[in-house]
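Presented below is the structure to which this report refers.
What follows is calculated from the coordinates using simple rules that are stated; it is not laboratory data. This structure is a prediction, so every number in the text was calculated from the model and none was measured. Cβ coordinates were reconstructed from backbone atoms using ideal geometry, including for glycine residues, and neighbour counts include every protein chain displayed.
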Amino acid sequence: MLPGLIDSHLHAVDSAMYEFDHRVPDMETLADVLKYVKARADSLPTGEWVTLSQVFITRLREQRYPTRAELDQAAPRNPVVFSTGPDAVLSSLALKLSGIDKNYKVPEGVPCRIERNPESREPTGMLRNCSPIIKSKPSEKQPTREDFLERTKMLLADYNSVGITSIADGDTSDEQVEIFQQLKESGQLSCRTFLVLHVEASDPFDQIAARVHRAAQNPLHQYDNLLWLRGIKSYLDGGMLTGSAYMLQPWGISKVYSITDPAYRGMRYIEPDPLYKLARLALENGFQFTVHAVGDGAVQAIMEAYERVNKDFPVRDQRPCITHANFMNADIIRKMKELGVVANLQPDWLYLDGATLEKQFGDERLAYFQPYKTLFDEGVMVGGGSDHMQKIGSLRSINPYNPFLGMWITLTRQPRWTDRPLHPEQRITREQAIRLYTLNNAYLTFEEKQKGSLETNKLADFIVLDKDILTCPLDEVKDLQVEQTYLGGRLIYSRPGS
Ligand SMILES: [Zn+2]
């Protein structure tokens, strides 16, 4: 028996809706991608948009983006957007319909980068963080509110089936807040949910302030063990699978990531002053603040902002957070401990992408990649999550939300497609791996007194496993099955046939 598991970072509603219109096949190669683009184009009228999001090129065997020409060939009569994280490749027709040509100037205030052929100045098709200027229109059938509720409920039930009883929804929109609220009111919210409200950092500051003040007045901001609006999140940098995480050192020229500038360090979206003001605004209004910060440059930047706020008032009680924090260093970790900053990490990335990252950055630059052991040793509170963003199904989803896979990754640090563990000195013990998904995550959401361990006077969220996680062979940890899941003492999942 274990306490009910907690996933510290996922995107439930988006994930639930990802395949609402049609099933999206697994794609392992560029041929799979182009076949899918062609099939979609064939099924749509001429001129309708084919959009494919969050297929990470680093997870394709060829490890590169499709080219503009390949997209043109797969769908000559339909504009195509192939996007992954904030970055995208557009077909010629998509560029044309968006008005992006060799004379195009990015509007003031949009932190977007258009990759161009150095001689002709023609866009290559590769756009970084440019979604506001891409004029795509949905061609899928549009879900009703009922569809949203139904599919989200389905996903939550699937979370329960792998032992998850609590989630932190990592970037919630206003519409999504309403969906969670409606599920709660109708008694169908089967995971306790900590909401982290999305704030668009590029909005004018008075608009952001109004949004945060409104959130502070929302009745959901009062503690409730089922649904609590208690976090604010913004995006500080790009991603490591898309070549845009903001690093302290240059990325280095790369074919995989289409990087041609040797000094390029990635994309930083919020400058120091606005970042400080934003962090301060959230923290002083009773919210945990967090940013998406993947590269060590971004992690250092948010730490500098927290240090500055900490001179105005102590930040510790609001447990300021860093989401992802994949690349760190000893200094950053020491400062996190000093200020009481918590870390929200996702082991899946190590497993799915470790091999690619090693190729790009080399072993040494990965010495503090997801440094679980150092974080535990230094006393920084670290929690584990999936960053689930697509599809329902604990292993077919992206990223997989099976918490036992996540725990196994922290025990072995074994990336797929290689036989060499990634900095095995950063492995943790089974007890610590369990903590990542229980008590530590409860701390990340200010609920260590309510849940995260099996103790009297706590909420009776617990699960029964088919084997003892502490004594089973190491490789069986990732295959552990949940026999039963209880939420508040009530049986909400029972394994078929058990
Ligand atoms: Zn996320």
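Worth pointing out:
- Note that the range 8-20 has calculated 3J(HN,Hα) couplings of 8, 7, 7, 10, 5, 5, 4, 4, 5, 8, 4, 10, 4 Hz, one per residue in order, obtained from phi through the Karplus relation 6.51 cos²θ - 1.76 cosθ + 1.60 (θ = phi - 60°); glycine and proline are x.
- Cα gyration tensor, the chain - rounded (a/c under 1.5), prolate or oblate: rounded
- Note, ³J(HN,Hα) from phi for the range 427-439, Karplus 6.51, -1.76, 1.60, rounded to Hz, x at Gly and Pro: 5, 10, 7, 4, 4, 5, 4, 5, 4, 3, 9, 10, 4
- Cα gyration tensor shape for the range 133-213, rounded if a/c is under 1.5, else prolate or oblate: oblate
- Length gained on full extension, Glu431 to Gln73, computed as 0.36 nm times the residue gap minus the Cα-Cα distance: 123.6 nm.
- Karplus-derived 3J(HN,Hα), 6.51/-1.76/1.60, for each residue of the range 486-496, Hz, glycine and proline x: 10, 10, x, x, 9, 5, 10, 8, 9, 5, x
- Förster-model FRET efficiency, 51 Å R0, Glu122 and Lys184, C-beta, rounded to 0.05: 0.50
- Inter-label distance, nm, simple model (7 Å from Cα along the C-beta direction), Phe205/Asp468: 5.8 nm
- The loop-placed chymotrypsin sites (Phe, Trp or Tyr not before Pro) in the range 202-306, going by DSSP, that have at most 12 neighbouring Cβ atoms within 10 Å of their Cβ come out as Tyr223.
- Contour minus Cα-Cα distance for Asp224 and Phe313 (0.36 nm per residue): 29.4 nm
- Ranked by how many other Cβ atoms sit within 10 Å of their own Cβ, fewest first, the residues Ser202, Ser8 fall in the order Ser202, Ser8.
- Whole-Å semi-axes of the range 21-133's equivalent ellipsoid (Cα gyration tensor): 23, 16, 13
- Label-point gap, in nm, between Ser494 and Thr456 - each point 7 angstrom along Cα→Cβ: 2.9 nm
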